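Before any comments, here is the structure.
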Amino acid sequence: MRTARLAILILAIGLGGCSTVRNSALNPFNWFGGGNRDAAESGAPAPQADPRPMVERLTRLGLDRRPGGVIVSAVGLTATQGYWDAELVPSPSQVVVDPVLGRRIVPRSGEIVFEFRAAPPPAPARVGTAPSREIAVGLYLGRKSLDGVRRITVVTAGNRRSVRVR
């Protein structure tokens with residue numbers, strides 16, 4: 001009996017210090033209403049929008065069907081050479097923060113909207129020719145992400161394009 005109590009005490013203290021169970025019911029510090037709540041549970045605003053500017057113009061948008069989902073590929077034209085860290089970012093209106101599932105994309109009216117964003121060069125860069133300013137990205141979306149989606153749209157600063165999923 002004494003070893004069982006000792007084991008439970010050690011387990012409770014060990015779990016109380018783990019960051020992965022910080023907001024869990026397993027954490028003894030949360031048993032009587034104490035503990036911290038993260039932003040998703042407390043109703044605090046969602047994380048800040050992506051600081052990277054949108055790409056100037058979208059030149060190509062494609063959809064390649066693959067086993068288990070699709071690959072969305074986009075090619076954009078930047079203002080100057082040297083843009084990097086490009087990504088298709090879900091539109092903030094479509095991102096939902098769920099306390100259990102975390103961040104997830106929720107399609108609106110059968111459409112998922114992505115913003116094509118890239119980080120500008122750290123120093124002033126040459127303009128150069130159009131092919132030297134092209135930047136390409138790709139994004140895999142699984143079947144679960146595509147439930148109820150009929151169209152995928154990519155938005156840039158100058159234009160937007162859509163592709164049909166089904």
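Below is a table of values for the structure above.
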| quantity | calculated |
| --- | --- |
| Every residue from segment 157-166 that is assigned to a loop (DSSP other than H, G, I, E, B) and loosely packed, with under 11 Cβ neighbours inside 10 Å | 166 |
| Filter result (among the hydrophobic types (A, V, I, L, M, F, W, C), under 16 Å from residue 54 (Cβ atoms) and either surrounded by 16 or more Cβ atoms within 10 Å (Cβ to Cβ) or touching a helix residue (DSSP H, G or I) at 6+ places or on another chain (Cβ under 9 Å) (or both)) within segment 129-156 | 135, 137, 139, 154, 155 |
| Condition met for residue 96 (free of Cβ contacts under 8 Å to residues at least 12 places away in the same chain, surrounded by 12 or more Cβ atoms within 10 Å (Cβ to Cβ), among the aliphatic types (A, V, I, L, M) and more than 22 Å from residue 63 (Cα to Cα)) | yes |
| Filter result for the condition that a residue is free of Cβ contacts under 8 Å to residues at least 24 places away in the same chain and of a type outside the set (D, E, K, R), over 137, 149, 155, 106 | 106 |
| Selected residue (criterion: farthest from residue 163 (Cα to Cα)) from residues of segment 91-132 that are among the β-branched types (Val, Ile, Thr) and assigned to a strand (DSSP E or B) | 97 |
| Boolean, residue 91 is at pLDDT below 95, within 17 Å of residue 63 (Cα to Cα) and of a type outside the set (D, E, K, R) | no |
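Yes or no, residue by residue, for (1) among the polar types (S, T, N, Q); (2) under 30 Å from residue 152 (Cα atoms); (3) modelled with pLDDT under 75; (4) outside any loop (DSSP other than H, G, I, E, B):
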{"residue": "6", "(1), (2), (3), (4)": "no, no, yes, yes"}
{"residue": "12", "(1), (2), (3), (4)": "no, no, yes, yes"}
{"residue": "25", "(1), (2), (3), (4)": "no, no, yes, no"}
{"residue": "29", "(1), (2), (3), (4)": "no, no, yes, yes"}
{"residue": "51", "(1), (2), (3), (4)": "no, yes, no, no"}
{"residue": "60", "(1), (2), (3), (4)": "no, yes, no, yes"}
{"residue": "74", "(1), (2), (3), (4)": "no, yes, no, yes"}
{"residue": "81", "(1), (2), (3), (4)": "yes, yes, no, no"}
{"residue": "85", "(1), (2), (3), (4)": "no, yes, no, yes"}
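The values are calculated or read from the model by the stated rules, or taken from the named source; none is laboratory data. Treat the numbers as computed from the prediction; the structure is a model and nothing was measured. We place every Cβ from the backbone using ideal geometry, glycine too, and count neighbours over all the protein chains shown.
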